[in-house]
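Some notes on the structure that comes next.
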Amino acid sequence: MRILLLACRHCCRLPFFSRAAGAAFTVRANCGGGPWRRHRVLAAQCLSMSTTAGSILPWEAPSRETLLRTIDVALKDGNVDQALRAFGNYKSLHGLPEPRVLNGVIVSLSYTSSRRWLQRAYDLVLSVYQCNSNLLNSSSLMRLALALARDQTPVPASAVLRIILESGKLPDADMLSMVFLHMLKSQVGSYLAADVLAETCECFLDQISYRRQLKKLDPIKNNVTLFNMILESCVNFKCIIRAQKIMELMSLVGVVADVNTMAVASRVCQMVGQRDELMTMKGSINSFSSLPFSQQYLHFYDSLLSLQFSGNDMDAAADLIIDLYRQQKSCTFSDNDVQKQGVIQIGSGNLKSGYRIMFDPTKLDKGFVLDTKYQSGLVVPISGNLVPSEKAVAKLIIGCVKAKKLGALSSFCITLHKEELKGISASDVINACIQMGWLHAAHDILDSLESAEIPVGVGTYMSLLREYENEHKPEEFNSLLQQIQKIASTMEEFHTSPSFTIKDIAKIVKDEIPQTKSSLLSSLVEETEHYNPGDHLTFEFNNSILFFCKANMMEDALSTYKRMREQNIRPNLHTFCHILCGYSSLSMYREITILWGEIKRRLEYREISVDRDLLDCLVLDFLKGGYFSRVMEVISYMSTHNIYCDKWKYRQVFLKLHKNLYRNLNSLHDKTEAQSKRIDDVRAFRTWAGIK
């Protein structure tokens with residue numbers, strides 16, 4: 001059937017349609033032949049195009065009820081293709097259907113395993129979101145977010161979750177855990193999951209005007225595993241800034257943490273360099289009479305010991321190792337501990353500027369399994385007890401010898417012997433030093449043990465004597481021989497032969513006592529290769545800068561940074577992260593532009609590694625401060641280095657703060673050069689972010 005629509009510019013009558021099966025009727029106007037033919041051809045072409053595109057003419061279309069019934073039947077039969085065709089026809093003729101039908105289509109598409117259908121569902125959600133987001137149901141959106149996360153498409157999944165948040169509704173906590181579980185399998189997904197969780201907390205904290213309204217957050221607050229998952233992913237991908245933000249939000253929301261939180265928070269503190277916070281936590285943990293979940297507390301002690309070594313605090317490290325040897329704690333919990341709570345301190349101990357997370361030492365989600373691959377290996381579980389490893393003892397020996405803190409090492413050996421602690425013996429420490437060639441250190445420890453009247457086996461003396469001879473050190477050799485002769489009467493080896501002389505001892509050195517290698521020696525060799533004497537200086541400066549930044553004392557932080565440079569101590573990524581967070585907390589955006597210049601130079605010379613967390617924070621701060629040229633500069637840098645840019649987040653920040661920025665200046669002709677450049681930068685960001 002062919003229909004021709006004819007119109008004449010000389011006629012004021014409206015055109016009308018007539019049709020019959022297999023025939024075409026033409027209505028002619030009273031006008032000349034030329035113009036009429038031309039209008040007929042144009043009208044026919046136009047109608048042909050419209051009927052091809054629409055496929056159904058308005059007067060031939062099924063009724064609203066027919067289309068809705070077709071959609072319902074197709075969804076029940078699982079015929080997604082037919083349901084989408086009927087949905088498309090309904091939308092083109094009648095607009096969007098009622099929420100029941102719309103969300104039914106979204107849910108049906110979510111249950112499919114095809115990425116193509118999931119993409120169609122996501123596109124549909126976006127189109128509805130732009131038209132009328134009130135039609136969307138949070139339950140169906142959560143199902144779609146879960147399906148997208150399972151399909152390893154974290155960007156669309158996070159966008160759907162953010163649409164739920166913008167509607168003012170709280171995502172279902174259990175479903176959110178499942179979505180995050182899949183998103184955290186990738187690096188980009190981990191970034192987005194951390195942002196979504198932070199935005200969830202911030203969104204509802206902003207709406208709360210008094211404390212009773214915090215009950216709105218109970219479903220999220222009571223799901224501590226949600227936070228544990230995100231914190232662990234921050235540790236895995238070394239997201240320093242994000243991890244600190246999540247922990248601060250946990251304090252503000254009022255999350256009652258469990259033992260897993262304590263373990264993951266320990267890793268965060270180790271990553272950031274917050275030794276004081278772990279010492280505060282240690283005081284809380286020591287108040288418990290028993291530790292029922294030794295694997296979780298292993299993470300804490302491992303992190304604390306690692307930070308003691310990083311700060312080159314050998315006295316504190318030795319004390320902690322001794323404490324671990326002393327602890328013979330049972331795996332049962334006493335009644336006195338039931339009412340106690342542990343404390344995770346964040347920032348300053350002053351509650352006005354710091355944060356606290358309370359954790360229940362009896363609470364543990366066994367479904368959450370801690371990742372052990374990021375442990376330092378300094379503490380190991382043996383028969384239910386936490387014991388320092390040989391690696392930890394090796395680090396202690398190396399640190400004391402290199403820093404010339406042999407008094408701490410001698411006191412360590414004396415305490416082990418006097419308290420009869422199960423651990424490494426003093427002879428093992430001395431023999432290891434001898435085999436490493438640290439003869440003077442071994443001799444000093446021997447002297448300290450003698451002064452404390454602690455007996456040492458003759459084999460240790462003989463080993464040191466042999467090395468003095470091999471190294472051609474006659475003065476030390478003769479001095480040790482005389483020392484042995486003086487104390488020979490106290491040695492069991494000489495009781496059977498009291499007539500031993502210096503010559504007899506020298507003969508034993510050469511012939512009778514073999515030199516054996518201990519397992520501690522291999523740990524010493526390995527740790528010596530990784531030892532860098534300057535690392536602890538960087539750590540100490542960073543620790544000071546972090547303290548000043550947390551206390552909003554930026555002048556002191558910058559003074560510390562200048563001293564750091566004057567002493568030729570190279571700042572690292574942590575240094576700039578601390579300063580950036582300090583500036584950001586005080587909205588010092590102009591200073592951040594100067595800091596970006598310093599960071600950029602360090603990145604060009606590869607003095608610091610490229611960090612997505614740092615760059616993301618820079619983009620957000622520049623957006624808040626209105627420095628759009630810097631925004632595009634950082635985004636360009638991220639794109640060049642294949643670092644994911646969160647367009648949705650940046651777009652929402654822009655729309656919140658600068659929605660109508662410079663819209664009226666485009667028509668002005670007397671703009672300054674600076675205004676023109678700024679307008680171009682704003683326009684460039686709008687284009688990049690897809691803002692019309």
Length added when fully stretched, Lys373-Glu598, from 0.36 nm per residue minus Cα-Cα
77.6 nm
Under 14 Å from the Cβ of Glu98, count the other residues' Cβ atoms, weight Lys and Arg +1, Asp and Glu -1, and hand me the total.
+2
Per DSSP, the loop-located trypsin sites (Lys or Arg not before Pro) within the range 182-288 having at most 16 other beta carbons within 10 Å are Lys185, Lys238
Gyration tensor (Cα only) of the range 96-222 to equivalent ellipsoid, semi-axes in Å sorted down, yields 24, 19, 11
Which lysines, if any, have their Cα less than 24 Å from the Cα of Lys402, not counting same-chain residues under 8 positions apart?
Lys391, Lys473, Lys517
Report the full-extension gain for the segment Lys340 to Arg570: residue separation times 0.36 nm, less the Cα-Cα distance, to one decimal in nm.
78.4 nm
Between Gln130 and Ser383, what is the FRET efficiency for a Förster distance of 60 Å, r being their Cβ-Cβ separation, to the nearest 0.05?
0.45
How much space per residue, in cubic angstrom, does the convex hull of the C-alpha atoms of the range 154-211 take up?
71 Å³
Given points 7 Å out from each Cα along the Cα-Cβ axis, report the Ala198 to Lys238 separation in nanometres with one decimal.
1.8 nm
Contour excess over end-to-end distance, with Cα ends at Leu252 and Arg563 and 0.36 nm allotted per residue:
108.4 nm
Quick calc: nm separation of the 7 Å Cα→Cβ label points for Asp447 and Asp365 -> 5.7 nm
What is the sum of charges, Lys and Arg at +1 and Asp and Glu at -1, for the other residues whose Cβ falls under 13 Å from the Cβ of Ile569?
0
Rounded to whole Hz, the Karplus (6.51, -1.76, 1.60) HN-Hα couplings of the range 268-276, x for glycine and proline:
5, 4, 5, 5, 7, x, 8, 6, 4
What FRET efficiency would be calculated for the residue pair Leu657, Thr687, taking the C-beta separation as r and a Förster radius of 25 Å, to the nearest 0.05?
0.85
Cβ-defined net charge surrounding Phe548, 15 Å radius [Lys, Arg +1; Asp, Glu -1]:
-2
Which order do the peptides 613-622, 165-174 take when ranked by the mean count of other beta-carbon atoms within 10 Å per residue, highest first?
613-622, 165-174
Can you compute the label reach from Ala674? Point 7 Å from Cα along the Cβ direction, backbone N cut-off under 16 Å, restricted to the range 595-638.
626-630
Classify the range 147-292: rounded, prolate or oblate, from the alpha-carbon gyration tensor (a ≥ b ≥ c, eigenvalue square roots; a/c under 1.5 rounded; otherwise prolate if a/b is larger than b/c)?
oblate
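Readers should treat all values here as calculations from the given coordinates under stated rules, not as data from a laboratory. Since the model is a prediction, treat every value here as computed from it, not as a measurement. Note: ideal-geometry Cβ built from the backbone for every residue, glycine included; neighbour counts use all protein chains shown.
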